[in-house]
Amino acid sequence: MTISIIIPVRKINAYIRESIPHIMDLDYPDYEVLIFPDEASEVQFPRSRIIPTGPVGPAQKRDLALEVAKGTLLAFLDDDAYPDKNWLRAAVRHFGDEEVAAVGGPAVTPKNDSLLQKASGGVFASFLGGGSYRYRYVPMAKREVEDFPSCNFIVRKTVFEKLGGFDTTFWPGEDTKLCLQITHELKKKIIYDPEVLVYHHRRPLFIPHSKQVWSYALHRGYFVKKFSETSLKLSYFLPSLLFLGLVIGVPLSFASPLLRGAFLSGLSLYLVLTLASSIHSDVRLIPLIFLGILSTHLTYGVGFLKGLAMRRLTR
């Protein structure tokens, strides 16, 4: 199978320059690289085409693959990610099953990230930070999934074409809509394989990380109403329940000793579990991950509620 690696980017940057040698080292014979910056560039990379798009979003750039990609598979990769050597070979073996429309894998935090970037990755990879979606950030058991991010996503070009590409109304969130169409409209499979692995640079704690979390939460809250088949899940509501518990619990704790005891007991249990979830081999990361989990839960909880209340949400 010929594979087209699709990388949307605003401009040729240091992350792309880091990624290209890893892409050239892939253990797979038949692939091309398509890079979509806003503006034309004189930079040249091996086995690559650089196709300027103008100032459009990542989803629009990825959709251009339908016009220019030669591959039968489209491998979407973020500009701040680079693949493991076995990335494509591990993915291709699943496409022998005609029921498999797409394959994804973990996006692991690179070892050369800064301390605050590693802390961000540690939040997502932790039991309380990533929750039931930790497999997106650390290699875990192979499984079938309903929803998967486009930073590491390989899909049949025929399927992508049949669905008309990404819904560019939403970003982030266009990948959720596409996965919903794959699994519920086409009744096809999306496979998660821990060996379909890429390394994804994180946004550092606290402000850049929180901005990303807020955007995800806002869209997920809105998607509960828009795409309930894959977004109406208890796990997405938990941070909001925590936030509401704090907002309601603090004033109620002054009402009676019994309520105060129940509130403090629940809060203490949460903090102990958060600390346990923050344990890391690098002791410098433990307090950062601990604070990062707390801020992530509160940011997501508020953002989710706002998205849930919005009547309309667009880019």
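The values are calculated or read from the model by the stated rules, or taken from the named source; none is laboratory data. Since the structure is predicted, the reported quantities are computational estimates derived from the model, not experimental observations. No Cβ is skipped: glycine too gets one built from the backbone with ideal geometry, and neighbour counts run over all protein chains shown.
Just a few scattered comments:
- Hey, residue 241 at pLDDT 95 or above and either closer than 20 Å to residue 269 by Cα or in contact with a Pro (Cβ under 9 Å, 6 or more places away or on another chain) (or both) or not: yes
- Test for residue 303: is it touching a His at 6+ places or on another chain (Cβ under 7 Å) and either within 30 Å of residue 166 (Cβ to Cβ) or crowded, with 20+ Cβ neighbours inside 10 Å (or both): no
- Subset of the stretch 263-298 (residues that are farther than 26 Å from residue 216 by Cα, touching a Leu at 6+ places or on another chain (Cβ under 9 Å) and surrounded by fewer than 17 Cβ atoms within 10 Å (Cβ to Cβ)): 282, 284
- Selection count, the stretch 62-92, where residues are under 18 Å from residue 200 (Cβ atoms), of a type outside the set (Ser, Thr, Tyr) and outside any loop (DSSP other than H, G, I, E, B): 10
- Qualifying residue in the stretch 195-203 (condition: among the basic types (Lys, Arg) and crowded, with 20+ Cβ neighbours inside 10 Å): yes
- Single residue of 307, 292, 261 found to be out of contact with any Ser or Thr (no Cβ under 8 Å at 6 or more places or on another chain), small (Gly, Ala, Ser) and within 19 Å of residue 239 (Cα to Cα): 307
- Subset tally (residues that are assigned to a helix (DSSP H, G or I) and over 21 Å from residue 133 (Cβ atoms)) for the stretch 212-265: 18
- Some residue of the stretch 17-31 being of a type in the set (Lys, Arg), farther than 19 Å from residue 152 by Cβ and in contact (Cβ under 8 Å) with a residue 12 or more places away in the chain: no
- Unique match (being within 26 Å of residue 306 (Cα to Cα), touching a residue at least 60 places away in the same chain (Cβ under 8 Å) and touching a helix residue (DSSP H, G or I) at 6+ places or on another chain (Cβ under 6 Å)) among 243, 237, 263: 243
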